């Protein structure tokens, strides 16, 4: 349930209403949008009477019920206004959101050594990336596969951050690692296999770091938004959704099936920013550029792409990694489409992108 | 197995080799590409000795084995050169192929009456469509649903063709309808549910009409190419592949999952042109524009979109149909991306589209 | 909509009601069950007033609406009474139905030559099979694979029928083959790939032969029942449903995923008999016995199993075929479970099988 | 790689070999089977020379390479001998294994209050269950759904264990809960959504408690065995695999698709015991009995079934729960089939169950 305030509602009146609602034993959240202030009410709202709330103040425009199972993640909760996730990096604030330029993220599957991560960082920065991805803790199907260099890899990420000024995005696999990871990461990643690790979701929800939530291999759109809701319900509204391919019956030529239609579908359901990962989404470097470009055309807010200085020798995910040179080329192709849809950094929009009216 | 001729091979020499091969009891096919002439050998080639063939003539550049289960449909069979499917319409020849502008096709799910089909034809033509789609025979899940107006609908399509000059694409469901359908259709469609109706594939393979082969709901890429092979093995090389969404575990917000990665995957496997149908691919009009644009960015050679003058009253597939006005708007958006990838009609290319080198 | 007659309703009164309903321009069907006579009304029943029908006669017990999209196939259409499909074979009538012993069917994927089909027929008959399966026309993924011996294979099936007295089940792939196939077959099979070949469904619906309808690889339970409805709507009520595995994300160790839960689900939806094909359902001979036994425990009315005298040399589906000796052993294992659930031929029931009350 | 010792190998010789192998810097594991002693070698065995190992002793029968990605979980690792998992309960030791009677487990989805859990415990014990299931910590799709009573629920389980003597199986969701859960549980459950929560797998692997590992919703057989390998690699060999339904395209009538063929497939791959959960596997109480019986016929070593005194009022999973009375009836049906396959407690085997020879 949300309470939409009139545009001329005085701050003091909004505060009064919030106080009043608190006295009813519910937890109101003030959401300041571009045009409106909204008071979100979540929890046991079944017994709430919307008419009674309406009567609290003449400055209440309307009271709206949210009939979706996900509340904070629903488009209605922000009265249709897209969320902006602000990520603080040494090079400045990077904004993820529907009305902002596409954010490029790149880097290796896992941090292998200082030279490779620093080199990759410089190369992807030169190509236009704003954040560096790199795994310190790696969820691997086999216990005998390389599991990431852990803590020392985090140190290398910190160093890469320091020298290049790029923001860092890296995965957390359990509560114990969280403090460490949060110290280095500008965005904390929850991986596909942990999308419904509800204990972990609650933990990252209790931090104030932006969270990248990857879609599970067999997660429905609704499962995914409910997982986001777990994070948001703990007080962290800064969730970015990342589509990375779902598991289907055909796995001969691609590792996963990249579900780009998730973008327009999510736009009708949620205000959260959307990232696409064409590297995991296809599993093969040769298909990554095409799907990256398609993702931009489909309206993605961010692209995360695996880049490795020497894919053939990568400790993990080599076959789906681009070389820095290939990434550089791809960024140029991406720019063409990004500009065509008016969402590429620096240059001005050519087309005001919109769906069917 | 293919025999690649040197560029300076005289026609008479090529003929001589073909004759010689025929005398070995195999059926050679001459394929004249832009740069090379190739002789394709299909059938029981297991016993053929490539060295022995090589020795037939000094004008043979090389003899290449095709190790894919699909032969004629494989990229190797044309030595990497994309097929061009030429479709003769009253308004002129329309070419489907990787080095040609994107072909737009639009129209209603089914032909309902003269007024609607003629009106739709004019409207989609005005927006830039080159062919009109429309069902006369409709494969419906329920025997009690509208099954199409059949023969009389074919007459109406013929009329729409005549008055607007648009080419016609319509579905054939069985051998009996084939002669009738082939009389009106410029492209014969084999629907998703008949993709492995091998008897029908053989029949359309025996005609000389271009065939649109829709991917089955649970067809792997390989199943699909093998279905194309059925048509081609009967002597009809003019096959266009149409991705229209596959069936996955999440069907709440989309009817199907549109597998756009099929485009780059097919590019590595086949020379056949690729069409995308975002209408069936998503099942909802509101998602069609985004996916149409993404399909263009992903390199589709053609787009087929359902358009109905009054979707709310459509006898079938209303929810996934655009209005003519929406289609018109979408074509403008498509033009922006189509131009960016250098594949929109009339205007000249801005970007030479290419994958990672 | 169905009209349930009281048990004491005179035949003349039932006839009068049917005549009356015909005069309303709808097509009533008289269904004589064990305990009740029902009049089924299918077609455009939306405008029918159930109260008005009720008033037609004091012998009408009640008028029930069928809210499922499948009407004739729905359990309600027969007021809960299972259909019995009677198949006439030289050795006598074989009955498929929920209150009858399990019917065993076996034989090779395709009819290869006289010796093999006759030998197999004798062997499976000795083991207890009542019908012989064998393909004359084979739907193969590749046009270059063995397509079945066609007409001559039908002759061999006729011969096997004559000498062993077994009934014959064989697949029809198109309308042209239908008359030929129907001459030899006691049950006509529509294969998984043709489950939504609606033209073919209508054709077999217009015959009076029992039809085995295999579930499509990605067919939902509802798709499947709607396909059965196509056959039944043409006047042929003798449909047997065959689950043969669906396509899922894991195809490494089994070709398909055998959905045995389809049995209890179908029991709540339809009166039609259910067959299980564990050979296609798993794709590997070593898994067939376990799944055959599980199918019996799950309540299957019939089992169809591939048996070949020499699986290693089979022209098709060798890996999933049992040898006659293995089949014989399996039939003994099946007997143990079949007797335990009270559904094995000859011997008397041990357990009155029932679901949770 | 495993070293199979001859049957007459002296213990001292086995010890000597183990010591020798340790000096090579690998970690040998002694596995004492019914007939043979095996020394398992896992880790970086790529450089090991099997011939060199063979020469270590004349009492070595042979050295066998394991070519599967899962090592300890592979059938070869125990030279084909099924694992027996011994679970200590107040009522005595319960053994899970292929040559033991089927173990019945039942109880509610979640522990709601003392009365309900104690009542349910007594009822399922009376029906023949050996362990009580019940959730204290519940992984729920929504953060607003009941999340389990946590610690207090564990206390109630402990009480139920004490008064009825039943063993306890309950789920652990993260490392923090583990010590608590392990204090009460006789078997620790890792849920489907945590199947690839590798941090958690390592943690339960480091305990000495038997672990029930549920298959993930989109986990392949191989993913699942690799997850088991994570647990085993930490030193805990007592893993029970639980199939509970996978996610497929048809979710209208069942929540999941129960993959019973996993049983015969796993038998060819692993020595670990197999449990079936027909409650989650179908999602509806009415389908549970049929699938439970089918699971027994398919060779399951254990059945876990949800039972609630009042399913209509259950705080979670009511629709898939049986009443105690229904469970009692089902156990009688299960006994019939269980006896037929020679695997029901107390009574003697009727049929020596075996696959195709």
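The values are calculated or read from the model by the stated rules, or taken from the named source; none is laboratory data. These numbers come from a predicted model, not from an experiment. With ideal geometry, Cβ positions are generated from the backbone for all residues, glycine too; neighbour counts draw on all protein chains shown.
Observations
- Per-region count, the range B:272-289, residues in a helix (DSSP H, G or I) and in contact (Cβ under 8 Å) with a residue 12 or more places away in the chain: 9
- Residue B:332 vs. criteria more than 7 Å from chain A (Cβ to nearest Cβ) and free of Cβ contacts under 8 Å to residues at least 24 places away in the same chain: yes
- Residue satisfying condition, being within 20 Å of the chain's Cα centre (by Cα) and either crowded, with 20+ Cβ neighbours inside 10 Å or part of a loop (DSSP other than H, G, I, E, B) (or both), within set A:106, A:121, A:160: A:106
- The condition (being closer than 26 Å to residue A:85 by Cβ and modelled with pLDDT under 95) is satisfied by just one residue among A:338, A:318, A:355: A:355.
- Scanning the range C:75-103 for residues that are touching a strand residue (DSSP E or B) at 6+ places or on another chain (Cβ under 7 Å), farther than 18 Å from residue C:292 by Cβ and not in a loop (DSSP other than H, G, I, E, B) gives C:75, C:76, C:77, C:78, C:85, C:86, C:87, C:89, C:93, C:94, C:95.
- Number of the exception - residue B:223 against (1) in contact with a helix residue (DSSP H, G or I) (Cβ under 9 Å, 6 or more places away or on another chain); (2) surrounded by fewer than 24 Cβ atoms within 10 Å (Cβ to Cβ); (3) at the interface with chain C (Cβ under 10 Å from one of its Cβ atoms); (4) within 26 Å of residue B:69 (Cβ to Cβ): (1)
- Among (1) in contact with a strand residue (DSSP E or B) (Cβ under 8 Å, 6 or more places away or on another chain); (2) closer than 20 Å to residue A:220 by Cα - the single one residue D:228 does not satisfy: (2)
- Just one of the numbered conditions (1) within 14 Å of chain A (Cβ to nearest Cβ); (2) more than 21 Å from residue D:30 (Cα to Cα); (3) buried (at least 24 other Cβ atoms within 10 Å of the Cβ) is not true of residue D:242: (1).
- Of the residues examined, residue C:232 is not one that is surrounded by 22 or more Cβ atoms within 10 Å (Cβ to Cβ) and facing another protein chain (nearest Cβ under 8 Å).
- Restricting the range A:62-74 to residues that are assigned to a strand (DSSP E or B) and buried (at least 17 other Cβ atoms within 10 Å of the Cβ), the residue that is modelled with the lowest pLDDT: A:63
- Entry remark, the range D:202-220: residues being more than 24 Å from residue D:259 (Cβ to Cβ) and more than 12 Å from chain A (Cβ to nearest Cβ) number 4 in total.
- Some residue of the range D:136-154 being surrounded by 24 or more Cβ atoms within 10 Å (Cβ to Cβ) and in a strand (DSSP E or B): no
- Within the range B:124-135, the set of residues being surrounded by 18 or more Cβ atoms within 10 Å (Cβ to Cβ) and assigned to a helix (DSSP H, G or I) comprises B:124, B:125, B:127.
- Test for residue B:56: is it surrounded by 15 or more Cβ atoms within 10 Å (Cβ to Cβ), on the phi < 0 side of the Ramachandran plot, in a helix (DSSP H, G or I) and at pLDDT 90 or above: no
- One residue stands out in the range A:297-326 among those that are facing another protein chain (nearest Cβ under 9 Å) and in contact (Cβ under 8 Å) with a residue 24 or more places away in the chain: the one that is surrounded by the most Cβ atoms within 10 Å (Cβ to Cβ), namely A:297.
- Residue A:105 vs. criteria in the same structural domain as residue A:145 (by TED's automatic domain parsing) and either touching a residue at least 24 places away in the same chain (Cβ under 8 Å) or under 24 Å from residue A:234 (Cα atoms) (or both): yes
- Residue in the range C:178-193 that is in contact with a helix residue (DSSP H, G or I) (Cβ under 6 Å, 6 or more places away or on another chain), over 18 Å from residue C:272 (Cβ atoms) and facing chain B (nearest Cβ under 8 Å) present: no
- Each residue in the range A:120-175 was checked for being in contact (Cβ under 8 Å) with a residue 60 or more places away in the chain and within 11 Å of chain D (Cβ to nearest Cβ), and 3 of them qualify.
- Checked against (1) in contact (Cβ under 8 Å) with a residue 40 or more places away in the chain; (2) within 12 Å of chain C (Cβ to nearest Cβ); (3) closer than 21 Å to residue C:342 by Cα; (4) buried (at least 20 other Cβ atoms within 10 Å of the Cβ), residue D:294 meets all criteria but (1).
- Taken together, the residues in the range B:257-278 that are facing another protein chain (nearest Cβ under 9 Å), in contact with a strand residue (DSSP E or B) (Cβ under 6 Å, 6 or more places away or on another chain) and closer than 18 Å to residue A:265 by Cα amount to 2.
- Failed item in (1) in contact (Cβ under 8 Å) with a residue 24 or more places away in the chain; (2) farther than 21 Å from residue D:304 by Cβ, with residue D:252 passing the rest: (1)
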